[in-house]
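K.L.:
Pasting a structure here, questions to come.
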Amino acid sequence: MTSLAFTKGHGTENDFVLLFDPHGDLDLTPSRVRFLCDRRAGIGGDGVIRAVRAGALDAGAGLEPATWFMDYWNSDGTTSEMCGNGARVFGAFLEAEAGEDLAGGLEFATRGGPRTVTSLGGGRYAIGMGRYVVGDATEGFDSEVAARGLDPVRPALSVDMGNPHHVVALPDVDELRGLDLTEAPQVHPVPPHGTNVEFAVALGHAEVEGEAHGRVRMRVHERGSGETRSCGTGACAVALAMRTWAGAGAPDVWDIEVPGGEVTVRIVGDTTVLEGPAVLVATGEVDAPA
């Protein structure tokens, strides 16, 4: 057994176990990650986030050694490219553990490429989410998704946020509520590395402080974690899909309702910015198996 210092945090109830390991001394294994994320036998979380200097890990090879690297693991012990809600929590964690000042923005590294986190004050953070790629929307969709509680199979649009997504539009919130996401939705064509699947309902648009905002409600099944209360990259994927489907004149700003709260996505050219809260709720030590 190894004693590990940890912090527990969440972004719109997408929750994480955070580890501060700047020199990469911790042997972080899939079994150890699964233990930490276990909600009965461990701490509990949708994933594990380790703060480590880029030069300390093979995953950060070629990056400036002083750069912080967000080493993100899904709850099943697999690694992932990026997590938008986790990135906000990562920013709050760096403020608390490393004394970083995020008021002017701080660039950090992920497996999905560089990202920037900026403190907006009041416990809210903005994440520059990098470039996106929307799939072939010539006919509006480029794939199909089957899920329990959803009949028939529905069309979907793929969106690459540095990690893979497939977005399905549903006609009303009753159908959204009726989904059973205890099993992973099936996507065709089958994504070679798995995917995150979002189901979304458009709720209209409104002027917010003189700015046009679209509003959407969504649920998500995350690759490697199952259904979660929120997904930051998924919210961005939903905003991009909704704007694509809405066509000319659609808003560039989208307020996304998730089971754990609300985030805002701003589409700026070929990039997106994710805004929302991050909360550090507890610190402690845990005896973790090898």
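K.L.:
Using label points projected 7 Å from each Cα along Cα→Cβ, tell me how many nm separate residue 131 and residue 25, to one decimal.
P.N.:
3.9 nm
K.L.:
Something else now. So how do 43, 267 rank on accessible area, 1.4 Å probe, biggest first, that is with the largest at the start? Each step should come with its number before you reach the end.
P.N.:
Working: 43 45, 267 15 Å².
Result, largest first: 43, 267.
K.L.:
Top mean-square fluctuation among 138, 244, 67, Gaussian network model of the chain, C-alpha springs under 10 Å?
P.N.:
With Cα springs under 10 Å in the chain, the top fluctuation among 138, 244, 67 is at 138.
K.L.:
Once you place label points 7 Å from the Cα toward the Cβ at residue 262 and residue 285, how far apart are they in nm?
P.N.:
4.3 nm
K.L.:
Still on this structure, I have one more. What is the gain in length, in nm to one decimal, between residue 207 and residue 41 on full extension, counting 0.36 nm per residue of separation less the C-alpha to C-alpha distance? Don't jump to the answer; show the numbers that get you there.
P.N.:
Values: separation 166, 0.36 × 166 = 59.76 nm, distance 4.68 nm.
Contour length minus the Cα-Cα distance gives 55.1 nm.
K.L.:
Leaving out ligands, DNA and RNA but keeping every protein chain, what accessible area does residue 273 have, in Å² rounded to the nearest 10, with a 1.4 Å probe?
P.N.:
40 Å²
K.L.:
Take segment 205-253, compute every pairwise Cα distance, and split them into 10 Å bins from 0; I just need the percent in each bin.
P.N.:
Reading upward from the zero bin: 24, 45, 25, 6.
K.L.:
Here is a further query. List the GluC sites (Glu not before Pro) within segment 202-273 that fall in a DSSP loop (any state other than H, G, I, E or B) and whose Cβ has at most 10 other Cβ atoms within 10 Å. Please list the in-between numbers first.
P.N.:
On the way: sites: 207, 209, 211, 222, 227, 257, 262; in loops: 209.
Passing both the DSSP loop test and the Cβ count: 209.
K.L.:
Name the GluC sites (Glu not before Pro) in segment 43-111 that are in a loop by DSSP and that have at most 14 other C-beta atoms within 10 Å, would you?
P.N.:
Values: sites: 81, 95, 97, 100, 107; in loops: 81, 100.
For GluC sites (Glu not before Pro) across segment 43-111 that sit outside H, G, I, E and B with at most 14 neighbouring Cβ atoms in 10 Å, the list is empty.
The values are calculated or read from the model by the stated rules, or taken from the named source; none is laboratory data. Fair warning: this is a prediction, and the values are worked out from it, not measured in the lab. Virtual Cβ from ideal backbone geometry, glycine too; neighbours counted across all protein chains shown. Side chains are part of the model used for accessible areas, which takes the heavy atoms of the whole protein and leaves out ligands, DNA and RNA. Shrake-Rupley method; radii C 1.70, N 1.55, O 1.52, S 1.80 Å.
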